[in-house]
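**Q** Take a look at the following structure, please.
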Amino acid sequence: MAPSTPANITNPVLGLSGFPGLETAHHWIGIPIFSAYLVAVLGNCTILYVIWAEPSLHQPMYYFLAMLATTDLGLCLTTVPTVLGVLWFQLRKVSKKACVAQLFIVHSFSFMESAVLFAMAVDRFLAVCFPLRYTALVTPSRVVRMGFGLLLRSTLFLLPPVPFLLQFPYCPGAALSHSYCLHQDLIHLACANTAFNSLYALTLILLTMGCDLLFILISYSLILKTVLGRTSGGEGHHKALGTCVSHLCAVLVVYVPVLGLSVVHRFGQHASPLLHVVMGNIYILLPPLMNPIIYSIKTKQIYSRILQIFSLPNC
């Protein structure tokens, strides 16, 4: 009979990290994080309400924006409470199954956010480059089907590594380098061969988020070429490009933290543990916080409606 594996190896309790070296200030650090969390939740809920309540916003462009707001909500709702639990209540322990469930949800929302940004770039490309055919090409029913397709892509491709994560033995007393669970962070703690998970994760990122970013750049190159090649006046050029500015800002807000966190995970083994925690919190908070602000300021219809909701004068 094969020797049994100790229970604390097969079903470990994993540790979550706070801010190393700043443990005495955790309660104070939690205040700006909680404030940003409230603003992010309120902002994205406001965007969703405005799109739902304003009939003039029932258009494909704003349906994609609603998908982005929903994704941002999911990302912060599934992570920030865990972070605050660590900072305010010293809730540093998480079971392996709960950790795997959380990382699956977090990465699903991340891939979904990238996919929605790609879909929004295609939408802007069709609107600027084929304005006469836009309403025929981009219909609400097609937007809904595309949304379900992107959701399936963002979840199904994440399933293969999950059985391995659940079967891996983890070292006793293992502690993650973040205040919540991420795939690359978890496999570093496994007392097993994690080559498949590492290779699959890298391949998946390149084939999904990498391709999304590449197609976004190609779309905007074609948009810029089309706008600059038109013989209409400068005002028309600025108006066409103006519809794309908010989306480009959202792309930067999402991809810069993702790339930064990926670099820290893969090449920052000797970096300060505090850097890992800071980058992890920027990754989950910056897009949900900034995207509603960007679209509220840069989209006139949303900006005006928000002013009406809060009974503010439209300057």
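The values are calculated or read from the model by the stated rules, or taken from the named source; none is laboratory data. Bear in mind that the values here come from a model prediction, so they are computed numbers and not experimental data. Here Cβ is always computed from backbone atoms with ideal geometry, including for glycine, and neighbour counts include all displayed protein chains.
**Q** Would you call residue 172 in contact (Cβ under 8 Å) with a residue 60 or more places away in the chain and assigned to a loop (DSSP other than H, G, I, E, B)? Outline the logic, then answer.
**A** Working: in contact (Cβ under 8 Å) with a residue 60 or more places away in the chain: yes; assigned to a loop (DSSP other than H, G, I, E, B): yes.
Considered against the rule, which asks whether it is in contact (Cβ under 8 Å) with a residue 60 or more places away in the chain and assigned to a loop (DSSP other than H, G, I, E, B), residue 172 comes out as yes.
**Q** Name the one entry in 223, 216 that is modelled with pLDDT of 85 or more and farther than 30 Å from residue 178 by Cβ.
**A** Working: 216 fails: farther than 30 Å from residue 178 by Cβ.
One residue alone meets the criteria, 223.
**Q** Could I ask something else about it? Determine, yes or no, whether residue 104 is at pLDDT 95 or above, assigned to a helix (DSSP H, G or I), in contact with a Gly (Cβ under 6 Å, 6 or more places away or on another chain) and closer than 24 Å to residue 212 by Cβ.
**A** No.
**Q** Next up: Identify all residues within segment 182-201 that are aliphatic (A, V, I, L, M), in a helix (DSSP H, G or I) and within 17 Å of the chain's Cα centre (by Cα); write none if there are none. Before the answer, list the steps.
**A** Filtering segment 182-201 down to residues aliphatic (A, V, I, L, M) leaves 182, 186-187, 189-190, 192, 195, 199, 201.
Restricting the remaining residues to those that are in a helix (DSSP H, G or I) gives 186-187, 195, 199, 201.
Correct list: 201 only.
**Q** Among the residues of segment 87-98, which ones are modelled with pLDDT of 95 or more and surrounded by 19 or more Cβ atoms within 10 Å (Cβ to Cβ)?
**A** Across segment 87-98, the qualifying residue is only 87.
**Q** For residues in segment 279-304 being surrounded by fewer than 20 Cβ atoms within 10 Å (Cβ to Cβ) and in contact (Cβ under 8 Å) with a residue 60 or more places away in the chain, which is farthest from the chain's Cα centre (by Cα)?
**A** 301
**Q** Check 115, 119, 127 and return the single one that is closer than 22 Å to residue 244 by Cβ and either touching an Asp or Glu at 6+ places or on another chain (Cβ under 7 Å) or assigned to a loop (DSSP other than H, G, I, E, B) (or both).
**A** 115
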